[in-house]
Every structure is written in structure tokens, then in C-alpha cells.
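Reviewing the structure listed below.
Laboratory data are not the source of any read-out in this text; all were calculated from the coordinates shown. Keep in mind that what you see is a predicted model, and the values were worked out from it rather than measured. Virtual Cβ from ideal backbone geometry, glycine too; neighbours counted across all protein chains shown.
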Amino acid sequence: MTRFAPAFLFDLDGTLVDSVYQHVLAWKEALDSESIDLSVWRIHRKIGMSGGLFTNQLLRETGLEISAERVERLRRRHAEAYRRYGPHIRPLPGARELLSWLSDADIPWAIATSGRMETAAVNIEALGVDPDRTPVVTRDQVKYAKPDPDLFVAAAERLGASTDRAVVVGDSIWDMLAAVRCRALGVGLMSGGYGSDELRQAGAIRVYEDPADLLSHIDEVGGRR
């Protein structure tokens, strides 16, 4: 490992794979199946947060009482709908090249996603990552998801690294808030639909368009051979 190089901890949806809007549509299908009326744009603003926080915000916005059984049905129907979109999901521009560059430079990296393995597996396959060789931490493996820092802390531990020496790369404000809470440096990508100002206000020290743009400026965030 490069002596002074940080570990890179990546979000998945909207950061490495172009899948945010598939998640939005899958959640829309699930909510419609339960006759819960929520606009698509409101769903998009919640992608990347934990399921529990998603439910809490849903309760506030709709005023509905949602039982644990209904929450489980929503989760299952979202996963079923999302898997149908699997064949259409692709890596974001530069994602594979960025990960290859880090590996070639002996800079450790891991993936930490708020998705459960039932949906994350679709993205991992699209990205061409071998989870037996690359640390992948999913919602199933931690107590709390983003904006809590548990996912990134667990990913850093899998690398034998400390979060205060890590760079968290994500596309949502939830990623940046989690990065701040574990004292990592947050790097925002606009490839998930959030704007530069939003990401910076949530704690991003740098913002780039997508993985390809980050790779072009990798030296700015500590990526050196």
C-alpha cells in the first residue's frame, strides 16, 4: 500500500453505477402497490438514506400509519421491481477505470452501500466487482445505515484502515453527512442527481461530475502512486 495514500470508501448507487433512477422507479412501484401516493421527485430525495429514515420521512410527508408488516412488503416489492431493471443498469463513466487505477496504485478501496445484498448484487454484477476479493459492506451487515456512519466504519475496518485517514466518495447528502460523522474526507459526485452546493453544504470537500472526472483529478484528494 502507498505509504501516505488514504483508503477510498465508495457508495454504490449513483456513485459507481447509474442506478439511482431505477431505484426511484422501483420504490414508486412498491408505494403504488400499497396505494401510497408519493411524487417521484420526493422519492429521489430519499435515495441513499436508511430504510428506517425513509419510512420516518414517508410518515411525515403522507401522515399515514405504516406497520412493520407494511414496511416489509414495501421493501420486498421494491427489491423485486429493482431486480427487473437489472439488465439496464450500467457502470457510470470512468467507474471501472477509477477502481482499476486505485488497485494498480496499491491504494485500498471498498464499497459501502445502504442497499441490502438482494439489490446490491445487481449493481456489483454490473460493475464487474468480485465480492470475494473486494470488501463490500451492505445494509444487512450493520446496525444503522446512512446518514449514520456505520457502513463506512465497517468498510474501513475490512481494509484495516481508519476512517480519519479515509476518503468517502458518494453522490448524496446522506453519504457526505455520514463521512463527516466518521471524520472521513467527503468527496461528492453529481452523478446521482444532487447538486454541487447541496453536496458541499453536507460536508463534501471536493465535488466532481462522475467517476471519470474524479479520476482526472485524483491527485487533489490524495490519490498518488
Open item on the list: In Å, what Kirkwood hydrodynamic radius results for the chain from the alpha-carbon pair distances?
Closed with: 17.4
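About its Cα centre, how strong a charge dipole does the stretch 89-198 have in debye, to the nearest 20, once Lys and Arg get +1 and Asp and Glu get -1 at the Cβ?
So the magnitude is around 180 debye.
Give the shape of the stretch 64-157 as rounded, prolate or oblate, defined through the alpha-carbon gyration tensor: a ≥ b ≥ c are the square roots of its eigenvalues, a/c under 1.5 means rounded, and otherwise the shape is prolate if a/b is larger than b/c and oblate if not.
On the way: a/c = 2.89, a/b = 1.54, b/c = 1.88.
The shape class here is oblate.
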Task: Angle in degrees between helix 68-85 and the longest Cα principal axis of the chain, rounded to the nearest 10 - done: 60
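At 222 nm, what helix-only mean residue ellipticity would the chain give, in deg cm²/dmol to the nearest 500, using -39500 (n - 2.57) for each DSSP H run of four or more?
Values: 10 runs with 101 residues, N = 225.
My calculation for the chain gives -13000 deg cm²/dmol from helical runs alone.
Report the far tail of the P(r) of the stretch 72-118, meaning the percent of Cα-Cα pairs longer than 18 Å. All intermediate terms of the calculation are to be shown ahead of the outcome.
Working: 554 of 1081 pairs.
Beyond 18 Å sits 51 percent of the P(r) for the stretch 72-118.
Hey, with R₀ at 45 Å, roughly what FRET efficiency would Ser39 and Asp104 work out to, going by the Cβ-Cβ distance, to 0.05?
On the way: r = 44 Å, r/R0 = 0.97.
For Ser39 and Asp104, the calculated efficiency is 0.55.
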Task: Helix 117-127 axis, angle to the chain major axis (alpha carbon atoms, nearest 10°) - done: 50
TODO: Would you kindly state how much longer the chain becomes between Glu61 and Glu157 on full extension, computed as 0.36 nm times their sequence separation minus their alpha carbon distance, in nm to one decimal?
DONE: 30.9 nm
Task: Arg224, Arg139 arranged by Cβ crowding within 10 Å, fewest neighbours leading - done: Arg224, Arg139
Task: Cα long-axis angle, helix 20-33 against the chain (0 to 90 degrees, to the nearest 10) - done: 20
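Out of the DSSP beta bridges found with both residues in the chain, what percent are antiparallel (nearest 5)?
Working: 1 of 19 bridges.
Around 5 percent antiparallel, to the nearest 5.
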Task: Residues Val24, Val40, Val187 arranged by fewest to most Cβ contacts within 10 Å - done: Val40, Val24, Val187
Open item on the list: Let me spell out the model: positive unit charges on the Cβ of Lys and Arg, negative unit charges on the Cβ of Asp and Glu, origin at the Cα centre of the stretch 20-87. What dipole size does that give, in debye rounded to 20?
Closed with: 260
Task: Dipole moment magnitude, nearest 20 debye, the chain about Cα centre, only Lys, Arg, Asp, Glu C-beta charged - done: 340
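Express the relative contact order of the chain as a whole percentage, based on alpha carbon pairs under 8 Å and six or more residues apart in sequence. Don't jump to the answer; show the numbers that get you there.
Numbers: 417 pairs, mean separation 61.1, N = 225.
27 percent.
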TODO: Starting from 0 in steps of 10 Å, tell me what percent of the Cα-Cα pairs of the stretch 20-87 lands in each bin.
DONE: 21, 63, 16, 1
